[in-house]
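These notes concern the structure reproduced below.
The values are calculated or read from the model by the stated rules, or taken from the named source; none is laboratory data. No experiment lies behind these values; they were computed from the predicted model shown. Don't worry about glycine lacking a Cβ; one is built from the backbone with ideal geometry, like all the others, and counts go over all protein chains shown.
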Amino acid sequence: MSAMSRAIRAFGGGGASRRNLSVAASKEAPALAAAAGLVAGRKAGRRDPGEDGSRVQWVFLGCPGVGKGTYAGRLSRLLGVPHIATGDLVRDALASQDPLSKQLAEIVNHGKLVSDEIIINLLSKRLEEGEEKGELGFILDGFPRTIRQAEILEGVMDIDLVINLKLREEALLAKCIGRRKCSQCGGNFNVASIDIEGENGAPRMYMPPLLPPPQCESKLITRADDTEEVVKERLRVYHDLCEPVEDFYRARGKLLEFNLPGGIPESWPKLLQALNIEDPDNKRSAAA
Ligand SMILES: [Zn+2]
């Protein structure tokens, strides 16, 4: 049996494939309506997974360096669902006693790409375990990366919403080139101070640097592949692979495009607004 059919079989009787699409029928913005319905369902306290559309089955898309992991992580904590990054799944499997880890080590050690089938297999296993534990969904990060992966995923999972994070190219380039790592403590920093004038209706964009503490200053290193040329190539490869994935979800009314207006302090509240999610921190500070 192929890995793919095993994955499909694994989900055949699972509750994860059940769903309620009643809120996704809006013609204007089905993705937004789905998100709004989901949050409304949660507010009303209906938490029976799969029966009232209260599951979160979301995907995060976005260029390398856009901050996908950060926003996916924050949303997962806020909504109480796991943030599943496929890169972590591969690392975990490599470190485990799983029979797959030998096969994986072979692939990774030879610098080869881990196949779609293996990724789907790892993901299926992870989601199945989550389902057994009563998890109310997931936020995927780093998957699907190709149109083929999107098609396979569509066959085994109902994805409700795909959030496509976007950042102006100049800002993205500056952010990637400004990345630094402390060679001693491993801390991640960014020396780029981004201040781009508004144009074509887009407002001025300001993203302050994330500077290291004094003890790290002299130990900063730059990744060899964070040069302008390599970053540009990485973005080009990403776009070639991912534009069809965006089109795939756009055609199904599931794509929510979100232009990051700046750093986290500006972007986070706006993202929550776009998703129709109330920010509990704002509420708390308003109540205080
Ligand atoms: Zn340090």
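Mind checking which residues of segment 188-222 are small (G, A, S) and either closer than 23 Å to C242 by Cβ or in contact with a Cys (Cβ under 6 Å, 6 or more places away or on another chain) (or both)?
A202
Does any residue of segment 242-254 turn out to be among the β-branched types (V, I, T), surrounded by 15 or more Cβ atoms within 10 Å (Cβ to Cβ), in a helix (DSSP H, G or I) and modelled with pLDDT of 95 or more?
Scanning segment 242-254, I find at least one residue that is among the β-branched types (V, I, T), surrounded by 15 or more Cβ atoms within 10 Å (Cβ to Cβ), in a helix (DSSP H, G or I) and modelled with pLDDT of 95 or more, so the answer is yes.
What tally of residues in segment 65-85 results from selecting those that are within 23 Å of K232 (Cβ to Cβ) and either aliphatic (A, V, I, L, M) or in a helix (DSSP H, G or I) (or both)?
4
When the residues of segment 145-155 are narrowed to those that are over 17 Å from the mean Cα position of the chain (by Cα) and not hydrophobic (A, V, I, L, M, F, W, C), which ends up farthest from the ligand (Cβ to nearest atom)?
G155
Restricted to segment 215-230, and to residues that are more than 10 Å from the ligand (Cβ to nearest atom) and either part of a loop (DSSP other than H, G, I, E, B) or touching a residue at least 12 places away in the same chain (Cβ under 8 Å) (or both), which residue is surrounded by the most Cβ atoms within 10 Å (Cβ to Cβ)?
D226
If the requirement is being part of a helix (DSSP H, G or I) and farther than 30 Å from E257 by Cα, which of these qualifies: K125, K112, K102?
Of the residues listed, the single one that is part of a helix (DSSP H, G or I) and farther than 30 Å from E257 by Cα is K102.
Please determine, by comparing only the residues of segment 180-203 that are away from the ligand (no atom under 16 Å from the Cβ) and of a type in the set (A, V, I, L, M), which one is surrounded by the fewest Cβ atoms within 10 Å (Cβ to Cβ).
A202
For segment 268-281, check the following and say yes or no: at least one residue is modelled with pLDDT under 90 and not in a loop (DSSP other than H, G, I, E, B).
Yes - at least one qualifying residue is present in segment 268-281.
Output the number of the condition that G142 fails; it satisfies all remaining conditions of (1) of a type in the set (G, A, S); (2) surrounded by 19 or more Cβ atoms within 10 Å (Cβ to Cβ); (3) out of contact with any helix residue (DSSP H, G or I) (no Cβ under 6 Å at 6 or more places or on another chain).
(3)
Restricting the search to segment 213-241, which residues are over 18 Å from G186 (Cβ atoms) and of a type in the set (D, E, K, R)?
E228, E229, K232, E233, R234, R236, D240
Consider F138 carefully, then state whether it is aromatic (F, W, Y) and touching a Lys or Arg at 6+ places or on another chain (Cβ under 9 Å).
yes
In segment 89-111, is there at least one residue being in contact (Cβ under 8 Å) with a residue 24 or more places away in the chain and either within 16 Å of the ligand (Cβ to nearest atom) or more than 30 Å from V230 (Cβ to Cβ) (or both)?
No: segment 89-111 contains no residue that is in contact (Cβ under 8 Å) with a residue 24 or more places away in the chain and either within 16 Å of the ligand (Cβ to nearest atom) or more than 30 Å from V230 (Cβ to Cβ) (or both).
Answer yes if at least one residue in segment 156-179 is within 16 Å of the ligand (Cβ to nearest atom) and surrounded by 14 or more Cβ atoms within 10 Å (Cβ to Cβ), and no otherwise.
yes
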